[in-house]
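Read the structure below first, then the notes.
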Amino acid sequence: MTNTEIKSLFGIMAEFKDAASLAEATKRAYAMGYRQMDAYTPYPVEDVIHALGLRRNEIPFIVFLGGCLGAIVGFSMCYYFQVIDYPLVAGGKPLNSWPMYIPITFELTVLFAALSAVFGMLALNGFPSPYHPVFNCPHFERASQDRFFLCIEATDPLFDLEKTKQFLLSLKPVEVCEVAR
Amino acid sequence: MASPSASAHIAQESDPIIAPGHSLGSVTEKISSVVLTKEFRPGWLAGFALCAGLVMVLAISIGWLLIRGVGIWGVNIPVGWGFAIINFVWWIGIGHAGTLISAILLLLNQEWRTSINRFAEAMTIFAVMCAGMFPLLHVGRPWFAYWMLPHPNTYALWQQFRSPLQWDVFAVSTYATVSMLFWYVGLIPDLATLRDRAKNVFAKYIFAFLSLGWRGSSRHWFRYETAYLLLAGLSTPLVVSVHTVVSFDFAVGIIPGWHATIFPPYFVAGAIYSGFAMVLTLAIPIRKFFKMEDLITSRHLDNMAKVMLATGLIVGYGYFMEAFMAWYSGNDYERYLLFKNRMQGPYSPFYWALIFCNVIAIQALWSKKVRRSPVALFILSIIVNIGMWLERFVIVVTSLHADFLPSSWGMYYPTIWDVALYLGTIGFFLMMMFLFVRFVPMISIFEVRMLLEQKKEKEAAS
């Protein structure tokens with residue numbers, strides 16, 4: 001096999017009929033030492049996620065930071081407007097009547113945390129992504145319906161066109177296809 | 001003879017969340033085929049046309065309002081808060097059931113929520129849109145509505161952040177934003193399914209654009225699920241805070257009948273109660289019309305009716321405590337308002353109608369037969385919707401029209417424009433629902449797939 005062929009290859013994809021066989025296949029691939037791989041499923045399958053070696057992700061931390069930022073923005077906004085820039089006594093209350101600032105602080109905490117959850121998730125997942133090689137595989141449209149796919153990518157150090165293909169075929173998939181870049 | 005536990009097991013099986021015989025492919029096909037068709041059914045077109053007609057009424061009443069000002073409404077001193085606030089609170093309350101179903105029931109692991117959460121969330125968004133119109137129009141000059149948001153200005157003024165009305169601006173806009181995010185994030189995988197199934201090139205492009213290139217990668221699902229769960233966790237206190245802040249609009253004032261600590265919990269319960277009523281009002285015809293009875297089963301109706309009954313009883317407790325505290329406080333104004341004015345005054349028919357709708361009528365829900373009957377539930381849900389509207393009417397109008405000084409008492413009569421604007425928002429809401437059920441998968445496909453798989457695993461285990 002020539003170098004250009006490898007370069008034009010994204011990976012090798014195997015198609016499975018159900019979630020259990022995909023989970024089993026992913027476990028075996030992980031045990032073989034493959035790391036640069038991904039599974040494609042019509043709904044989140046916990047076993048597959050675990051089999052890929054995914055344990056923790058960054059989202060909770062991002063959301064926590066977003067929430068903290070929201071709280072700081074919310075409270076300091078109220079404080080700056082009502083105490084420093086435009087001090088106005090209402091109902092004989094002190095200028096820094098902080099309990100009255102809590103509702104807005106709370107709302108902005110939730111708003112910032114929610115925005116960071118959504119945009120953090122989209123950004124880390126690389127969305128929007130107008131093009132991705134996996135769609136070159138025939139039948140891949142069923143990954144969003146009722147089929148389960150495992151793709152070992154060409155960037156994996158253990159990747160070898162023939163050996164990897166043989167390995168995937170040994171997992172008894174419905175079909176194996178080479179994914180062009 | 002079967003043992004009791006075995007017969008209980010059979011009863012459970014005959015009462016499933018998804019009718020038997022479905023596979024991953026068949027649920028995908030069933031839900032997405034409603035969207036991916038060229039056909040517009042006559043019933044859909046007729047309903048859509050009727051609602052679009054009501055939207056015309058909305059446009060005319062807003063247009064006339066902008067030309068003539070809020071003087072065309074029935075509001076005046078002493079009743080400065082008329083239909084606008086009543087309808088605002090009514091609509092925003094309806095929205096709350098959507099968030100409850102999608103967020104709180106998700107956290108509580110109530111798997112039956114799966115086939116109703118999508119359209120309950122859509123209902124939330126459309127209801128919040130309708131709610132938002134009222135305060136915007138009530139300010140009189142809506143083109144200055146941005147004055148409610150803090151922004152640098154040549155008057156060097158800032159808003160009064162100690163006012164519940166200002167809190168409301170933040171609460172409602174945050175609620176609208178988070179609800180839309182939650183809904184859209186839930187839609188992304190289903191939009192990808194539609195993209196992959198669409199035959200029409202134009203439809204394919206639109207769904208491809210909206211699904212952002214979703215490909216079902218497990219690495220993506222992993223982050224997606226975390227983000228979705230966190231959004232649910234954030235929406236839960238948010239939904240409680242929104243109606244709490246709405247109730248502060250009243251409770252922070254010193255007007256008799258408003259100045260009560262029962263208001264926040266009682267408003268939140270009322271919101272969920274009316275919201276579930278609206279979900280039933282929408283779900284019952286939708287499941288019939290689109291033949292979704294095997295996904296929205298009588299078990300769903302039963303569960304929703306139970307939630308409605310429980311929250312309705314909390315609301316009933318709220319009415320009782322309002323009356324009790326008015327009597328127990330020994331305050332003349334409170335006592336007069338509750339016992340002389342609300343219960344016997346000029347608006348007393350509304351009070352007793354609301355007690356009938358929200359306290360007496362819903363007792364029928366104790367019967368399993370009623371909870372399983374779509375027709376009975378539909379009628380009850382309409383009664384509850386009316387009852388909750390009357391509740392807001394009674395709270396707003398009876399407290400304002402006769403307060404401390406008899407010389408300043410007056411009556412409130414809505415005008416034709418009040419009614420037209422209200423009907424117009426109902427038309428707008430229903431029109432959006434018609435568009436939604438036709439152009440967006442009305443049931444979350446990927447979550448139904450997950451549910452199917454869990455069911456299969458459970459069966460395999462037993």
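Since every read-out is calculated from the coordinates, none of them should be taken as a lab result. These figures come from a predicted structure and were not determined experimentally. FYI the Cβ positions are ideal-geometry reconstructions off the backbone, even for glycines, and counts take in every protein chain you see.
Values computed for the structure shown
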{"item": "Alpha carbon Rg of the protein assembly as shown, scaled by the compact-globule rule 2.2 N^0.38 Å", "result": "1.08"}
{"item": "Viscosity 1.306 mPa s, 10 °C: Kirkwood-radius Stokes-Einstein D of the stretch A:59-125 over Cα pairs, µm²/s", "result": "124"}
{"item": "Overall Cα dimensions of chain A - principal axes, largest extent first, Å", "result": "81, 35, 28"}
{"item": "Relative contact order (percent, whole number), the stretch A:59-125, Cα cutoff 8 Å, 6+ residue spacing", "result": "55"}
{"item": "Per-residue mean of C-beta atoms belonging to partner chains within 10 Å, peptide A:80-88", "result": "3"}
{"item": "Cross-link pairs A:LYS172/B:LYS458; B:LYS306/B:LYS368; B:LYS30/B:LYS306; B:LYS291/B:LYS456; B:LYS306/B:LYS369 - those with Cα-Cα distance over 19 Å", "result": "A:LYS172/B:LYS458; B:LYS30/B:LYS306; B:LYS291/B:LYS456"}
{"item": "Rg in Å to one decimal, and Dmax rounded to a whole Å, for the stretch B:243-307 via C-alpha atoms", "result": "17.0, 52"}
{"item": "Rounded D (µm²/s) - the stretch A:1-79, Kirkwood Rh over Cα pairs, Stokes-Einstein at 37 °C, 0.692 mPa s", "result": "202"}
{"item": "Two-decimal Rg to Rh for the stretch B:199-277 - Kirkwood Rh, Cα set", "result": "1.29"}
{"item": "Partners for A:LYS165 among lysines (Cα-Cα distance below 28 Å; same-chain residues under 8 apart left out)", "result": "A:LYS7, A:LYS17, A:LYS27"}
{"item": "Pair-distance profile P(r), taking every C-alpha pair of the stretch B:179-219, with 10 angstrom steps and integer %", "result": "33, 50, 16, 0"}
{"item": "Over the stretch B:282-425, equivalent-ellipsoid semi-axes from the Cα gyration tensor in Å", "result": "36, 20, 10"}
{"item": "Potential lengthening between B:ALA461 and B:ASP15 on full extension [0.36 nm per residue; Cα-Cα distance subtracted]", "result": "158.6 nm"}
{"item": "Expected-Rg normalisation [2.2 N^0.38 Å, Cα atoms] applied to the stretch A:92-171", "result": "2.12"}
{"item": "Packing-based exposure ordering (other Cβ within 10 Å, fewest first) of A:VAL174, B:VAL315, B:VAL242", "result": "A:VAL174, B:VAL315, B:VAL242"}
{"item": "Neighbour-count order for B:MET343, B:MET304, A:MET32, B:MET432, fewest beta carbons within 10 angstrom listed first", "result": "A:MET32, B:MET343, B:MET432, B:MET304"}
{"item": "Residues B:GLU453, A:GLU107 arranged by fewest to most Cβ contacts within 10 Å", "result": "B:GLU453, A:GLU107"}
{"item": "Helical contribution to [θ] at 222 nm, DSSP H n ≥ 4, -39,500 (n - 2.57), averaged over chain B, rounded to 500", "result": "-22500 deg cm²/dmol"}
{"item": "In the stretch B:280-348, trypsin sites (Lys or Arg not before Pro) in a DSSP loop with at most 14 other beta-carbon atoms within 10 Å", "result": "B:LYS291"}
{"item": "Descending Cα extents along the principal axes, the stretch B:49-141, whole Å", "result": "51, 36, 18"}
{"item": "q = 0.06, 0.07, 0.13, 0.14 Å⁻¹, chain B: log10 I(q)/I(0) [Debye, one scatterer per Cα]", "result": "-0.29, -0.40, -1.27, -1.43"}
